[in-house]
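One structure is given here, and the rest of the page talks about it.
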């Protein structure tokens, strides 16, 4: 009989591996330290024996495990990090989430098999083992055909709909949490319900890189602000998931999590069609999910899936051609002054760059990216304008780069969209950086001054 969710497994670690366990794992039966922060193969967790570590993150680790008594399929055993055991809130929420997942019944949600605690108090949750690879591994090869994306998204949409009906918000929908096994249609699972909800006991220290709930590349604006969330936060993340599948990249890319979050809060997302050939209608469906205001998003995951399925099988136009662009990135570190002073400096810098033909394409409070087709503003001219901005506000951090961007209308004058995958991000007062291609095109004196100030 399965114990109630959260019931502890009181037995401590064996001093010697039982012969069947030793045979199962290929380890000698001498006593070994299997119970460190990362469990070793052969560690006994309730009625399961660890075979291998399958993955993990800041809150816990996932292991592939087999039944010590045999007769059961493999399990995915998730164990809370030892550092979080002292957090009463973390323990309570871990167990509460296990109980919530136990209520969910959907083919794309792995079933809960067992819960309990290790001898040192670390709780674990065992769910059915799901074959297949993370969707993130599939997307490493590039975007998916929209029809294939729809086939993978449909089970995810069903799982989220079931969770929402049970009052559960996933809050960490992303490719790494979607498992895809081969087949037609593909066998898909949405995993990590609840684990991503674990937070530190110190809410004032919520940050993008530490205890904030969610993943920066897919967090809804209200999540980033630390506000209460509902199913519409999952609608936003599901839109990001669709975006990544058809575009081959998330809507916002930047060197740091903080900058990505600022983009989610303030910057309009470029349409997926800026990066891949997609059927008519895909842009509208996906971008509606990414509305900053939750009230402007679709009312349910099912509504999104129905709309996406309808447009995904349409004909795809030719991909948009890249446009050589030059960009100036300006950031206002604390050395500039108060928040008002910093915002004012950024606004003035944006106005000055706009007057020079460099259009702000993303502006988020204390930083701005201004870009233009290189055919209209040369790299040397952009560097000169950036230099003038730096002369007026010496503490601003400024970077200049050239690279491909994509025009929303397919032509340079139709609105170049900044592709932030390769352009530098200044963060230090007085920082000046420029691509070698920019410096090589600049007058010798200007280029030499910027080379000396590069950091």
- Report the full-extension gain for the segment residue 120 to residue 296: residue separation times 0.36 nm, less the Cα-Cα distance, to one decimal in nm. 58.7 nm
- Shape call, region 286-326: gyration tensor on alpha carbons, a/c limit 1.5: oblate
- Message: Report the gain in length on full extension from residue 182 to residue 136: 0.36 nm times residue separation, minus Cα-Cα distance, nm rounded to one decimal.
- Response: 15.1 nm
- Points 7 angstrom from Cα along the Cβ direction at residue 256 and residue 96: gap in nanometres? 3.3
- If R0 is 56 Å, what FRET efficiency do you get for residue 437 and residue 288 from their C-beta distance, rounded to 0.05? 0.90
- Query: Any idea how far apart residue 225 and residue 38 come out in nm if each label point goes 7 Å out from Cα toward Cβ?
  - Reply: 4.0
- Message: When a/c reaches 1.5 or more, the comparison of a/b and b/c decides; with that in mind, is region 365-408 rounded, prolate or oblate per its Cα gyration tensor?
- Response: oblate
- Message: Taking 0.36 nm per residue of sequence separation and subtracting the Cα-Cα distance, how much length would be gained by fully extending the chain between residue 378 and residue 449, in nm to one decimal?
- Response: 23.7 nm
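Values quoted throughout were computed directly from the atomic coordinates according to the rules given, and no laboratory measurement underlies them. Note that the structure is a prediction, hence the values are computed from the model and not measured. Neighbour counts run over all protein chains shown; Cβ positions are idealised from the backbone, glycine included.
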